[in-house]
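One structure below.
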Amino acid sequence: QAKQLGRNTHQFFASEMNVKLQERLSLENELRCALARNELQLHYQPRVETQSGRIVAVEALLRWHSPTRGWVSPGTFIPIAEDSGLILSLGTWILKTACRQNRLWQEAGLPPIRMAVNLSVHQLRQDNFGALVGDILAETQLDAASLELEVTESLMMDNMQQSIDTLQALGDRGITLALDDFGTGYSSLSYLRRFPIDTLKIDQSFVQNVLSDVGDAAITKTIIALAQNLQLNITAEGVETQEQFEFIKSQGCDEVQGFYFSRPILADHLTDLLQNGANLSKQSAPMS
Ligand code: C2E
Ligand code: MG
Ligand code: MG
Ligand code: MG
């Protein structure tokens, strides 16, 4: 009886795993086609200078609209792209598209902004990633100072020295480097000193609770003070309300990003915002 039950349970798990595996494989194939068929797009979310309300940067965020599935979230498909190796060609496409877009804005005479692009660990580990980025900048004619690369702490944990060397090479080219989702990873403060980064981005999970959770408020204040003491630029992400913004601003945070100012939007929409003075200081109601 027990043996019978054991076998059934085993079969149940086996078939459930099969379904998951098949779903993954099919998503992977669809993603491959999507890249070839141009179904992927970048949306851009403004990053605003706290004091002036000016848009000083945008973050490129990947979007996939599948003809059969509708919108698929990057949280779903990025890990699949990473596991399958597709992230390398995808990552190159993202970098090129984002750099080209920033160059187009510059050519149109719009106020200069940095283009922030998220990197996956696999990209950072590619041989000669620094040279690849250099080639993309040359091809798109974008200056290095107009590109910012975002990496996460967890991304750098194994093979730390190699990651640091690659980041150093990118920084030496004049590219700005940001540590994304700060506070959620595992790295110690001594590691933080070794990362050749320019910017810390406080994770949105802290920012969203600054008014309701004294612990998250304390962490947010401490991270801002830490960045200031280390002379790093500091950005808060996930700012959704005016109250959150005022709290962040009162702590002296340099830049903010979040739905309060703008959701990630299409390039054309951002062109309009930049044309209208690129000023999102909020006297008026937030856009959505
Ligand atoms: P991330 O780099 O930390 O990006 C910020 C995420 O927070 C984005 O989600 C953005 O839409 C969302 N967000 C911004 N402001 C707010 C806000 O006020 N409230 C809330 N609730 N959310 C806000 P998204 O676009 O779904 O991206 C999720 C993650 O997927 C990103 O986190 C990043 O890790 C990854 N990702 C997105 N695009 C790319 C890409 O091009 N390459 C790589 N390697 N990863 C990417
Ligand atoms: Mg990011
Ligand atoms: Mg530097
Ligand atoms: Mg983040």
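Each reported figure results from applying straightforward, stated rules to the coordinates on display, with no laboratory input. These numbers were taken from a predicted model, which means no experiment stands behind them. Glycine also receives a Cβ, built like all others from the backbone with ideal geometry; neighbour counts cover every protein chain displayed.
List of remarks:
- Relative to the dominant Cα principal axis of the chain, helix 160-172 is inclined by about 40°.
- Helix 214-229 axis, angle to the chain major axis (alpha carbon atoms, nearest 10°): 60 degrees
- For the chain, a simple Cβ point-charge model (Lys and Arg +1, Asp and Glu -1, everything else neutral) yields a dipole of about 460 debye relative to the Cα centre.
- Hull volume in cubic angstrom per residue (convex hull over the Cα atoms of segment 1-158): 178 Å³
- Computed [θ] at 222 nm, deg cm²/dmol, the chain (DSSP H ≥ 4; -39,500 (n - 2.57); rounded to nearest 500): -15500 deg cm²/dmol
- Share, in percent, of DSSP beta bridges within the chain that are antiparallel, nearest 5: 40 percent
- Computed over the chain, Cα set: Rg, Dmax in Å: 20.8, 77
- If you bin all the Cα-Cα distances of segment 193-283 at 5 Å, starting from zero, the percentages per bin are 3, 13, 23, 21, 17, 13, 8, 3, 0.
- Per-residue Cβ neighbour counts within 10 Å put D254, D127, D203, D135 in the sequence D127, D135, D254, D203, beginning with the fewest.
- Proxy reagent accessibility, fewest Cβ within 10 Å first, across L25, L177: L25, L177
- DSSP bridge analysis restricted to segment 176-268 gives an antiparallel fraction near 0%, rounded to the nearest 5.
- Built amide H within the under 5 Å cut-off of E240, gap 5+: Y260
- Lys/Arg +1, Asp/Glu -1 at C-beta; the chain dipole; positive extreme among Q242, A57, P67: P67
- Principal-axis tilt of helix 2-36 within the chain, Cα atoms, nearest 10 degrees: 40 degrees
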